[in-house]
1. So, with +1 on the Cβ of K and R and -1 on the Cβ of D and E, and no other charges, what is the size of the charge dipole of the range 27-118 about its Cα centre, to the nearest 20 debye?
2. Excluding residue 83 itself, what net charge comes from residues whose Cβ is under 11 Å from its Cβ, given Lys and Arg +1 and Asp and Glu -1?
3. For the range 133-144, just list the computed ³J(HN,Hα) in residue order, Karplus coefficients 6.51, -1.76 and 1.60, θ = phi - 60°, integers in Hz, with x standing in for Gly and Pro.
4. Roughly how many whole Å is it from the C-alpha centroid of the range 137-216 to that of the range 21-48?
5. In the chain, what percentage of the DSSP-assigned beta bridges are antiparallel, given to the nearest 5?
6. Counting other Cβ atoms within 10 Å, which trypsin sites (Lys or Arg not before Pro) in the range 34-73 have at most 13 and lie in a DSSP loop?
7. Could you state the angle between the C-alpha long axis of helix 107-119 and the longest principal axis of the C-alpha atoms of the chain, as a value from 0 to 90 degrees rounded to the nearest 10?
8. Relative contact order of the range 61-216, please, whole-number percent, based on alpha carbon pairs below 8 angstrom and at least 6 residues apart.
Amino acid sequence: MKKSIVSGSNVTLIGNGPFNKRDLTLAKSLAPFVVVADGGANALYQTSTKAEAIVGDMDSVSNETIKLYPLDKRYKIKCQDTTDFEKCLGLIEAPKLLGIGFLEGRLDHQLANLSALVKFPHQKCILIGLNDICFLCPEEFSINLPIKTVISIYPMGQTSGFSTGLKYPLDDLNLDPARKVGTSNEVISKVKLRFRERLILIILSKKYLTNVLEVI
């Protein structure tokens with residue numbers, strides 16, 4: 001297996017799901033080093049953006065597109081037990097990651113991508129969708145958001161924790177995806193969150209991307 005992809009700057013990661021050029025431009029302005037996950041290269045080919053590397057099992061990228069990447073920029077990993085997104089999260093070493101093309105398209109792919117965020121807790125990764133952003137909540141998380149901002153707190157497993165700044169406090173609630181989730185909570189003051197296990201996904205409007213990027 002090739003060595004890790006190391007970047008001193010934030011990384012924009014392109015997936016195989018739908019994304020728009022506006023989000024690509026936004027992500028690149030915040031994370032200029034671009035990496036594509038397999039078939040994400042096909043969509044990127046239609047733009048003027050050039051990626052630094054392509055990662056995956058290479059079963060989705062077209063023959064025409066793959067030729068654009070020198071052999072030393074192709075990170076082919078023949079493993080059917082991991083998704084292309086997981087392969088990227090396992091290889092990339094960077095301060096922070098912004099992912100586009102991971103929150104739209106096929107529902108099973110979206111669910112797998114959300115699960116991957118939990119599997120790689122060391123990665124500070126924010127997924128950008130057409131309307132929302134999603135990221136794994138750090139062990140302790142604090143952020144200033146406008147009053148009445150909608151914030152959803154979704155558990156990917158059983159856990160509990162504490163909160164301040166939310167209309168509906170989470171203190172000692174047993175959060176569980178099959179029993180109790182935190183959809184559509186509301187900000188009433190500075191938000192501070194702490195959970196016993198790193199199993200919580202935070203969902204916010206995309207307009208708060210830069211706010212989250214500063215504190216994640």
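1. Rounded to the nearest 20 debye, it is 300 debye.
2. Surrounding charge for residue 83 is -4.
3. 10, 9, 7, 6, 5, x, 4, 10, 9, 9, 7, 9
4. Value for the Cα centre distance between the two parts: 28 Å.
5. Values: 26 of 47 bridges.
So the antiparallel bridges in the chain amount to around 55 percent.
6. Filter output for the range 34-73: 50, 67.
7. 70
8. Relative contact order here is 24 percent.
The values are calculated or read from the model by the stated rules, or taken from the named source; none is laboratory data. Please read all numbers here as calculations on a predicted model, not as lab measurements. Counting neighbours? That spans all protein chains shown, and the Cβs are built from the backbone with ideal geometry, glycine included. All accessible areas refer to the heavy atoms of the entire protein, side chains included, with ligands and DNA or RNA removed. Shrake-Rupley method; radii C 1.70, N 1.55, O 1.52, S 1.80 Å.
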